[in-house]
1. Residues Glu44, Glu52: which one is open to solvent by 70 Å² or more (accessible area, probe 1.4 Å), without any contact (Cβ under 8 Å) to a residue 40 or more places away in the chain and under 13 Å from the mean Cα position of the chain (by Cα)?
2. I need the full set of residues from segment 31-41 which are more than 21 Å from Lys20 (Cβ to Cβ) and free of Cβ contacts under 8 Å to residues at least 40 places away in the same chain, in order please.
Amino acid sequence: MSFLEEEKSSGQRLMTQSWKHIQKGLYTVLINDKGVQKNAFNQEFTPEKFVEVIFSLIISALMHQNYDCSIILEIIKRTIYK
């Protein structure tokens, strides 16, 4: 049983690391995107929080097996682009 628990813990740790890596990549792309409105973010609505929300939407859609990126892309477009 302890072996199974250790495997579960290791898998969760690996998943968390992978998700953080993906979020870091999304953040890097966002910060370097010249098309993002200069006033898109503020102290409450930060790029980090935006990435968290978008990533959560993607994960949720994948887990529900109804992934349709068009609505997520529309949210991004209407929120941070001109």
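1. Working: Glu44 fails: under 13 Å from the mean Cα position of the chain (by Cα).
Among Glu44, Glu52, only Glu52 is open to solvent by 70 Å² or more (accessible area, probe 1.4 Å), without any contact (Cβ under 8 Å) to a residue 40 or more places away in the chain and under 13 Å from the mean Cα position of the chain (by Cα).
2. Matches in segment 31-41: Lys34, Lys38, Asn39.
The values are calculated or read from the model by the stated rules, or taken from the named source; none is laboratory data. Computed from a predicted structure; not experimentally measured. Glycine also receives a Cβ, built like all others from the backbone with ideal geometry; neighbour counts cover every protein chain displayed. For accessibility, only protein heavy atoms count, side chains too; no ligands or nucleic acids. Shrake-Rupley method; radii C 1.70, N 1.55, O 1.52, S 1.80 Å.
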